[in-house]
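Below is one structure, written out as structure tokens, with a few remarks after it.
The values are calculated or read from the model by the stated rules, or taken from the named source; none is laboratory data. Fair warning: this is a prediction, and the values are worked out from it, not measured in the lab. Virtual Cβ from ideal backbone geometry, glycine too; neighbours counted across all protein chains shown.
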Amino acid sequence: LANVLAFIELDGGRPTAASLAGLGLGRRIGSAWGATVYALLPCAEAPRYQADDVIAEVARHGADKALLVVAPALAGPPLFATHGPTVVAACTRLPPAIVLFPSSSAGMDLAPRVAAHLGAALAIRPRLVIEGKCATLVRPAGAGQLRRIDLGELDRPVVVTCADVDARATATRGEIEVIVLAPPTHDPRVAVLPGESPRAPRRAQAPLTFLCGEALDPTAQAALAPKLERAGMRLARAGAPRGPNELVIALAPTEQPDPHATADLAIAGNPEQLLREIVATIEAT
Amino acid sequence: VKVLVAIRLGGETSLGVCERAALALGASLCDGRPETAAALFLLGAAERTGPVTEAALHHAAEHVSMFTPALDDTDYEAYARVLTAACRHLRADLILVPARTADEDLDAAGPAAALHLGIPHLTAVETAAWRPDGKLAVTRREDRGLRALAVETPALLTVRATAQAGPVGAPPAPAPGAEAASFLRLELDALGLRAEELRPRRGLRGTLAESADARTERLPDAAALVRCLCAGGWW
């Protein structure tokens, strides 16, 4: 039977929402295939094996078994340099058909290198479609196209990052088996420096364009456009040529009819109000 | 010390903000350090004139490119194998890769190449500077802010664009004194690779299909949009 491994990122000792989403996605695949779903728990301190601890929580979210690694070095931010050897050790122990990571800064540091270690295919933030025993990973590929990976047709493992918190699963499981792995050594060539993380504004990593379903008031546009530009975003008119790798976000008063059928993302509502909320959110992030 | 900026080109017509950030970081790490030299490596399935021309305006002691149809429809691992071979060929000590590449695999090829090279990697790097002990002081973007780290070279960093990158669509001015350079073209066999070795990686990104499912993803509010942009590596 196949093994499904979900890496659990901990924040204050609790699994992050994106980790539980990955676990939930693994649960759905495991249920369709009859596979065993393992939650990999890299902990700085041993859990207390109580009803509210991390093992009970992954059991409630669909894990059949837990792989537990306890080492003080795992207290820091999850990076491949610190947590990667633990994931590789777990993959050697199982080995898995599918490895799931949260779509987080930690998951994106770990997933590609683990995938390369396994010679695996890699799917970033796919949607899972299950029909009977057929499980397919689906990702937008732009220009009205999708990329589909049929998990049943792969001749190798697949590594997946997941961000869809709706994918979280619930189970009525009580106790689950816990397998304790010896902590491998981390990479000493990378060191986390002490001190608080400095705050710094984020910037768009690719062209992000907002299309508004109705004309903005010129005064509002003059106020909002520079703030968006500082974050690497811009306003454009419907019908403007779309660049490669550009993400288009439609802000339209109503959901139907869709004035921006080619947009990647859309929010229904008053465009000016939505833009003000977006600016406020990105300035606070 | 050789700093290699490696840029993977897809269908774009100009360099993106992450590519420009990697080039700028490479230049800053060489600035005022005569013992440090920059090199530039462009790779892809097909040559893209616009990005190549723009990249040539940046200071680098070496400009190297490799465009081969053997990379067509391959995944991160095929690019990682070419990048690994190129890093060995060019004897790179520090490899800078843009955090967001031309396809949806984000920065997967860089960490995969670091595995094959047996060197550490850090993703989502926003700043890097040499420390007196020869290590690099790095700030990395995490979900809650920036994290300070130190890393020994050789190493590979994937570089994010920062708030200092300037307005959208406005490439930074070329470095003073920089002139358009020509690129030394490499072929696969010069790197000790054969097209057959990359063929098994074809199709692993998934099958492309037209679909009504490729519709717009609807989000409930601004907060959900920002979460989506962060999780997808867009922001």
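Under the condition of being in contact with a Leu (Cβ under 9 Å, 6 or more places away or on another chain), over 21 Å from residue B:219 (Cβ atoms) and among the small types (Gly, Ala, Ser), the residues counted in segment A:221-238 number 1. For segment B:11-55, a residue qualifies if it is within 22 Å of residue A:233 (Cβ to Cβ) and outside any helix (DSSP H, G or I), and the qualifying residues are B:11, B:12, B:13, B:14, B:15, B:16. Only one of the listed residues (B:23, B:15, B:29) is touching a His at 6+ places or on another chain (Cβ under 6 Å) and more than 27 Å from residue A:119 (Cα to Cα). That residue is B:23.
When segment B:182-234 is limited to residues that are basic (Lys, Arg) and closer than 28 Å to residue A:278 by Cα, the one that is modelled with the lowest pLDDT turns out to be B:215.
List pairs: first residue in segment A:214-234 and under 21 Å from residue A:268 (Cα atoms), second residue acidic (Asp, Glu) and modelled with pLDDT of 85 or more anywhere in the structure, Cβ distance under 8 angstrom, at least six positions apart or on different chains. Final answer for the pair search is A:216/A:272; A:217/A:272; A:220/A:272; A:224/A:272.
Within segment A:90-123, the set of residues being closer than 17 Å to residue A:8 by Cα and assigned to a strand (DSSP E or B) comprises A:98, A:99, A:100, A:101, A:102.
For every residue, the table says whether it meets (1) in contact (Cβ under 8 Å) with a residue 40 or more places away in the chain; (2) closer than 20 Å to residue B:12 by Cβ; (3) basic (Lys, Arg).
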| site | (1), (2), (3) |
| --- | --- |
| B:41 | yes, yes, no |
| B:49 | no, yes, no |
| B:54 | yes, yes, no |
| B:62 | yes, no, no |
| B:78 | yes, yes, no |
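On the stretch given as segment A:76-89, residues that are surrounded by 24 or more Cβ atoms within 10 Å (Cβ to Cβ) and part of a loop (DSSP other than H, G, I, E, B) total 2.
A residue that is surrounded by fewer than 19 Cβ atoms within 10 Å (Cβ to Cβ), of a type in the set (Gly, Ala, Ser) and in contact with a Lys or Arg (Cβ under 9 Å, 6 or more places away or on another chain) can be found somewhere in segment A:107-119.
Return the residues of segment A:124-134 that are more than 7 Å from chain B (Cβ to nearest Cβ) and either of a type in the set (Ser, Thr, Tyr) or under 19 Å from residue B:203 (Cβ atoms) (or both); say none if nothing qualifies.
Going through segment A:124-134, the residues more than 7 Å from chain B (Cβ to nearest Cβ) turn out to be A:126-134.
If the condition is that a residue be more than 7 Å from chain B (Cβ to nearest Cβ) and either of a type in the set (Ser, Thr, Tyr) or under 19 Å from residue B:203 (Cβ atoms) (or both), then A:126, A:129, A:134 are the ones that fit.
All of (1) crowded, with 20+ Cβ neighbours inside 10 Å; (2) in contact with a strand residue (DSSP E or B) (Cβ under 6 Å, 6 or more places away or on another chain) hold for residue B:80 with one exception: (2).
Could you say whether any residue in segment A:7-29 is part of a helix (DSSP H, G or I), among the polar types (S, T, N, Q) and touching a strand residue (DSSP E or B) at 6+ places or on another chain (Cβ under 8 Å)? Scanning segment A:7-29 turns up at least one residue that is part of a helix (DSSP H, G or I), among the polar types (S, T, N, Q) and touching a strand residue (DSSP E or B) at 6+ places or on another chain (Cβ under 8 Å).
Condition first: surrounded by 15 or more Cβ atoms within 10 Å (Cβ to Cβ) and out of contact with any His (no Cβ under 7 Å at 6 or more places or on another chain). Now tell me which residues in segment B:180-196 satisfy that. Selection gives B:186, B:188, B:193. I'd like to check something: does segment B:90-101 contain any residue that is in contact with a Gly (Cβ under 9 Å, 6 or more places away or on another chain), surrounded by 24 or more Cβ atoms within 10 Å (Cβ to Cβ), among the hydroxyl-bearing types (Ser, Thr, Tyr) and in contact (Cβ under 8 Å) with a residue 24 or more places away in the chain? Yes; the residues of segment B:90-101 include at least one that is in contact with a Gly (Cβ under 9 Å, 6 or more places away or on another chain), surrounded by 24 or more Cβ atoms within 10 Å (Cβ to Cβ), among the hydroxyl-bearing types (Ser, Thr, Tyr) and in contact (Cβ under 8 Å) with a residue 24 or more places away in the chain. Restricted to segment A:136-168, and to residues there that are touching a helix residue (DSSP H, G or I) at 6+ places or on another chain (Cβ under 7 Å), assigned to a loop (DSSP other than H, G, I, E, B) and at pLDDT 75 or above, the residue that is nearest to the other protein chains (Cβ to nearest Cβ) is A:163. Taking each residue of segment A:73-100 that is within 10 Å of another protein chain (Cβ to nearest Cβ) and touching a residue at least 60 places away in the same chain (Cβ under 8 Å) and looking for partners that are among the acidic types (Asp, Glu) and in a helix (DSSP H, G or I) with beta-carbon atoms closer than 6 Å, six or more apart or interchain, yields A:79/A:109; A:80/A:109.
Going through B:58, B:63 one at a time, which residue ends up being in a loop (DSSP other than H, G, I, E, B) and either touching a helix residue (DSSP H, G or I) at 6+ places or on another chain (Cβ under 9 Å) or farther than 29 Å from residue A:111 by Cα (or both)? Going through B:58, B:63 in turn, the sole match is B:58.
The set of residues in segment B:136-159 being of a type in the set (Asp, Glu) and in contact (Cβ under 8 Å) with a residue 60 or more places away in the chain consists of B:143 alone. Would you please name the residue that is nearest to residue B:218 (Cα to Cα), looking only at residues in segment A:174-199 that are among the charged types (D, E, K, R) and surrounded by 15 or more Cβ atoms within 10 Å (Cβ to Cβ)? Out of the qualifying residues, it is A:187. Scanning segment A:12-59 for residues that are surrounded by fewer than 24 Cβ atoms within 10 Å (Cβ to Cβ) and of a type in the set (Ser, Thr, Tyr) returns A:16, A:31, A:36, A:49.
In this structure, does residue B:125 turn out to be crowded, with 20+ Cβ neighbours inside 10 Å, within 11 Å of chain A (Cβ to nearest Cβ) and over 15 Å from the mean Cα position of the chain (by Cα)?
Details: crowded, with 20+ Cβ neighbours inside 10 Å: yes; within 11 Å of chain A (Cβ to nearest Cβ): yes; over 15 Å from the mean Cα position of the chain (by Cα): no.
No; evaluated as a whole, the condition is false for this residue.
When segment B:182-198 is filtered for residues that are touching a helix residue (DSSP H, G or I) at 6+ places or on another chain (Cβ under 8 Å) and over 15 Å from residue B:81 (Cα atoms), only B:183 remains.
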